[in-house]
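The block underneath contains the structure these notes are about, expressed in structure tokens.
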Amino acid sequence: MRVAVVQVAVPVPLPRLFDYLPAADESLPPPGSRVLVPFGSRRLVGLVIRQSRVEPNERLKPIERVLDAGLIDAVMLDLFAWCQRYYACPPGEIVNLLLPGALRRVKAFREAPAEYLALTAAGRAADLGRAPRQAQLRDLLEQDICSRKALAERGIGAEIVRRMVDGGLVVLTELPPALPAAAGPPLNPAQRSAVAAILRQRHRYATLLLAGVTGSGKTEVYLTVAQRLLRRGRQVLILVPEIGLTPQLVRRIERRLGCPATVYHSGLSEGERLAAWKAAADGRAQVLVGTRSAVFLPLSNPGLIVVDEEHDGSFKQQDGARYHGRDLAVLRAARLAIPIVLGSATPSLESLNNVELGRYQLLELKERAGGASLPRWRVLDQRGQAGMLGEPLLGAVARHLDEGGQVLLYRNRRGYAPVLICNACGWQADCQRCDAHMTWHQLPPRLQCHHCGAQRPMPPRCPDCGSPGLVPLGAGTERLEDLLKQRFPQVPVYRVDRDAMSGRDDFESLLAEVRDGRPCILVGTQMLAKGHHLPGVTLAAVLDVDQALFSADFRAPERLGQAVHQVAGRAGRAERAGEFLLQTHHPENPLLAALIADGYLAYAGQLLAERQAAGLPPARALALVRAEAHQQGSARDFLRAAARLLAGRNLSVTGPIPAVMSRRSGYWRFQLWLQASERARLVQRIADQLAKLHELPEARRVRWHVDMDPIEI
Ligand code: ADP
Ligand code: ZN
Ligand code: ZN
């Protein structure tokens, strides 16, 4: 006789669910329940995925306790099942995404006290003449309810707060302050028709690709639609690529919508994440803004999902469950029967392909809003120029600074120089564990590998020939900062990269300073290119496009186009016309010519046609099986065996081939390319063979995974 069990996903990296009996004298908990289960010698918090019946066996154990019955709803469980199958990842990895850390702890998490403080009647009346700190807090609270975080920023510590709470002068409340909504600018005709097109779909699923040049007013479109849906009590989920983008956007959203926005990203504490998760689940949070993992937030009454900067690679998770936040958001919207808006000035080829196939509806905003114009583009021939700061470029910088403008220079390399080379013999500082040069950093002085993180002191002389003539080759942001400071001592030069902006608020405070509008130079990496509104910038430049022109990665031309248009988009937003410069040693390169000739969509259309001709994504589906091992042979042997298992009809298997970076952190890296014209075919084949792949004897000597729709090769 078969017995009733539940199949539970537990947060361990094993590719299966585990069966459990119900707790003694209890019935089976429904799918979506959070349960405490024994697991080996440990106890773990897991998620019930489904009920089932199995042959009894003595290894079956009962659930220890049901923590929350039916916590996760059917739509999310469906997303779970889809995610597990499509991305071929262990169920436990998805549990980590569905439940915030606090709900995965075996010991009950102690929730932080409520976030906001309000004055009581006693507090208003109290004589605080001899407690100046408390009086100061009262003055603040008399004006408004205030968050504990805001108080901490004003130097009012937890101790003062606690004393006033204990004395009954102040209470803690979950309720964030109500805000007055500020009207936005009147929408222009293009924006109005985009809003209307989205609202027409408000009762059903539709994906709308809002392709609008930088500064065309896409955000105003989202906000106008959001406002309409909020009035009907629906929740709005906004996904953004990076935490760095949230503060600015959150303030704008709150101001315009007149309601607090709840943020959700990895930079929050466990308690903050839990609070946001719960507020989303019970509907208190009406507007949610988060990075990719926010796609897993429970929502009680969703009405709209927005994915801002939908082309951004950071929506794809690169370890564990290798899901794409944008793609899951589309799937979720479909299951919820609500519209989803994907916004970008430089849409991904995936989304444009879906427009071509009639799956997504394209909404275009071709011009900048509010009378601003797009910058003029110019290509600067770098041949014959010394280094990365050519004279024509420096001349333009000087001119814009003189005219009171700000300058933004984009170079996607951190550190002082990408290579340290010996003048005498040509020796270069390479990483011992990776197939890569080490980057020379000066702050503090060291050699560092950007792939495995290894660090070494700077050698005083060449380890090969003993010559002291070690010199930098090329320039990273640190060196550019130095050079620019020497050349333009009269203006501040700000470096914007992960090294310079490592503190939580560094970037925010820099942006605030820059928005003052005084002439300055910003030099930095991708951080600078992403969606920040810098109204004073009149000149933007990409210092080096050449590497991307000859990359082995088939996505390089797409990324180049996106980076170039995003950087160009920083220039001349306000009344002032802007200028955009591109430096290259290959001014006649056809790819570059296409990029410059017409707008991004025309360029992207050309790239898409090329991908179609070459049978590459998104025209054909691609999955990689990656394997890495300390022994080259092990990785190759595993992939050879995997290739035999995976080969099948209507499916091509290529490899093993070395990864673009063939060795990293001491591991040799190889991959198999699995391609099919039908995505479902590919997913099916992998799902069918996954258990056998895990059981291959060769699998024991390698680390391996499947990456569906990979964005890095
Ligand atoms: P995007 O999201 O496309 O970059 P935003 O919505 O941020 O564009 O708008 C860019 C700038 O133009 C913002 O300062 C915004 O306030 C302004 N703006 C947007 N729409 C209008 C409009 N219809 N009229 C005037 N200004 C506008
Ligand atoms: Zn040497
Ligand atoms: Zn390395």
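The values are calculated or read from the model by the stated rules, or taken from the named source; none is laboratory data. This one's a predicted model, so the numbers in the text were calculated from it and none came from an experiment. With ideal geometry, Cβ positions are generated from the backbone for all residues, glycine too; neighbour counts draw on all protein chains shown. Accessible surface is based on the protein model in full, side chains and every heavy atom, while ligands, DNA and RNA are left aside. Shrake-Rupley method; radii C 1.70, N 1.55, O 1.52, S 1.80 Å.
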Checklist outcome for this item: In segment 500-540, anything farther than 24 Å from Leu380 by Cα, over 24 Å from the mean Cα position of the chain (by Cα) and assigned to a loop (DSSP other than H, G, I, E, B) is listed as Arg515, Asp516, Gly517, Arg518, Pro535
Checklist outcome for this item: If we keep only residues of segment 266-320 that are crowded, with 19+ Cβ neighbours inside 10 Å, in a loop (DSSP other than H, G, I, E, B) and aliphatic (A, V, I, L, M), then the residue nearest to the chain's Cα centre (by Cα) is Leu297
Checklist entry - Which number in (1) free of Cβ contacts under 8 Å to residues at least 24 places away in the same chain; (2) in contact with a Pro (Cβ under 8 Å, 6 or more places away or on another chain); (3) not hydrophobic (A, V, I, L, M, F, W, C) marks the one condition that Glu58 misses? => result (2)
Next on the checklist: Going by what's in this entry, would Leu342 be described as part of a strand (DSSP E or B) and away from ligand 1 (no atom under 16 Å from the Cβ)?
Outcome noted: no
Checklist outcome for this item: Taking segment 527-563 and keeping residues at pLDDT 85 or above, open to solvent by 40 Å² or more (accessible area, probe 1.4 Å) and under 23 Å from Ser373 (Cα atoms) leaves Pro535
Checklist outcome for this item: Subset of segment 400-437, residues of a type in the set (A, V, I, L, M) and over 22 Å from Arg559 (Cα atoms), comes to Leu401, Val407, Ala417, Val419, Leu420, Ile421, Ala424, Ala429
Checklist outcome for this item: Of the residues in segment 1-16, those that are open to solvent by 30 Å² or more (accessible area, probe 1.4 Å) and part of a loop (DSSP other than H, G, I, E, B) number 7
Item to check | Count - residues of segment 203-229 that are farther than 10 Å from Gly343 by Cα and either of a type in the set (Gly, Ala, Ser) or assigned by TED's automatic domain parsing to the domain that holds His532 (or both) | outcome: 5
Item to check | Selection within segment 32-65 - farther than 23 Å from Arg332 by Cα and either touching a helix residue (DSSP H, G or I) at 6+ places or on another chain (Cβ under 9 Å) or surrounded by 21 or more Cβ atoms within 10 Å (Cβ to Cβ) (or both) | outcome: Val35, Val37, Leu44, Val45, Ile63
Checklist entry - Of the residues Arg703, Arg649, Arg669, which is modelled with pLDDT under 95 and basic (Lys, Arg)? => result Arg649
Next on the checklist: Suppose we filter Asp430, Asp402 for residues that are closer than 25 Å to Gln632 by Cβ, acidic (Asp, Glu) and either at pLDDT below 95 or out of contact with any helix residue (DSSP H, G or I) (no Cβ under 7 Å at 6 or more places or on another chain) (or both); which single one remains?
Outcome noted: Asp430
Next on the checklist: If Leu420 satisfies all but one of (1) among the aliphatic types (A, V, I, L, M); (2) away from ligand 2 (no atom under 16 Å from the Cβ); (3) over 30 Å from Gly405 (Cβ atoms), what's the number of the condition it fails?
Outcome noted: (2)
Checklist entry - List the pairs whose first member sits in segment 452-467 and is more than 17 Å from Ala436 (Cα to Cα), whose second member is in a loop (DSSP other than H, G, I, E, B) and more than 16 Å from ligand 3 (Cβ to nearest atom), and whose Cβ atoms are under 6 Å apart, counting only residues at least 6 apart or on separate chains? => result Arg461/Pro468; Cys462/Trp427; Asp464/Cys425; Asp464/Trp427; Cys465/Ala424; Cys465/Cys425; Ser467/Ala424
Checklist entry - From Leu365, Leu357, Leu352, which residue is within 16 Å of ligand 1 (Cβ to nearest atom), within 30 Å of Arg204 (Cβ to Cβ) and assigned by TED's automatic domain parsing to the domain that holds Val307? => result Leu365
Checklist entry - Pick from segment 431-452 the residues that are near ligand 3 (Cβ under 9 Å from one of its atoms) and closer than 20 Å to Asp464 by Cβ: which of them is most open to solvent (accessible area, probe 1.4 Å)? => result Gln432
Checklist outcome for this item: Going through (1) open to solvent by less than 20 Å² (accessible area, probe 1.4 Å); (2) touching a Lys or Arg at 6+ places or on another chain (Cβ under 7 Å); (3) aliphatic (A, V, I, L, M) one by one, Val496 fails only at (2)
Item to check | Positions within segment 346-380 being assigned to a loop (DSSP other than H, G, I, E, B), at pLDDT 95 or above and either open to solvent by less than 40 Å² (accessible area, probe 1.4 Å) or within 16 Å of ligand 2 (Cβ to nearest atom) (or both), in sequence order | outcome: Thr346, Pro347, Ser348
Next on the checklist: Among (1) within 29 Å of Lys692 (Cβ to Cβ); (2) of a type in the set (Gly, Ala, Ser); (3) over 29 Å from the mean Cα position of the chain (by Cα), there is one condition Ala597 misses while meeting the rest; what is its number?
Outcome noted: (1)
Checklist entry - For Asp464, all conditions in the list (1) open to solvent by 40 Å² or more (accessible area, probe 1.4 Å); (2) closer than 21 Å to Gly524 by Cβ; (3) within 16 Å of ligand 2 (Cβ to nearest atom) hold save one; what is the number of the exception? => result (2)
Checklist entry - Residues in segment 617-645 that are buried (at least 17 other Cβ atoms within 10 Å of the Cβ), in contact with a strand residue (DSSP E or B) (Cβ under 7 Å, 6 or more places away or on another chain) and not in a helix (DSSP H, G or I): how many? => result 10
Next on the checklist: Is it the case, given these coordinates, that Thr262 is in contact (Cβ under 8 Å) with a residue 40 or more places away in the chain and crowded, with 19+ Cβ neighbours inside 10 Å?
Outcome noted: no
Checklist entry - Can you find even one residue in segment 500-508 that is more than 16 Å from ligand 1 (Cβ to nearest atom), hydroxyl-bearing (Ser, Thr, Tyr) and surrounded by fewer than 13 Cβ atoms within 10 Å (Cβ to Cβ)? => result yes
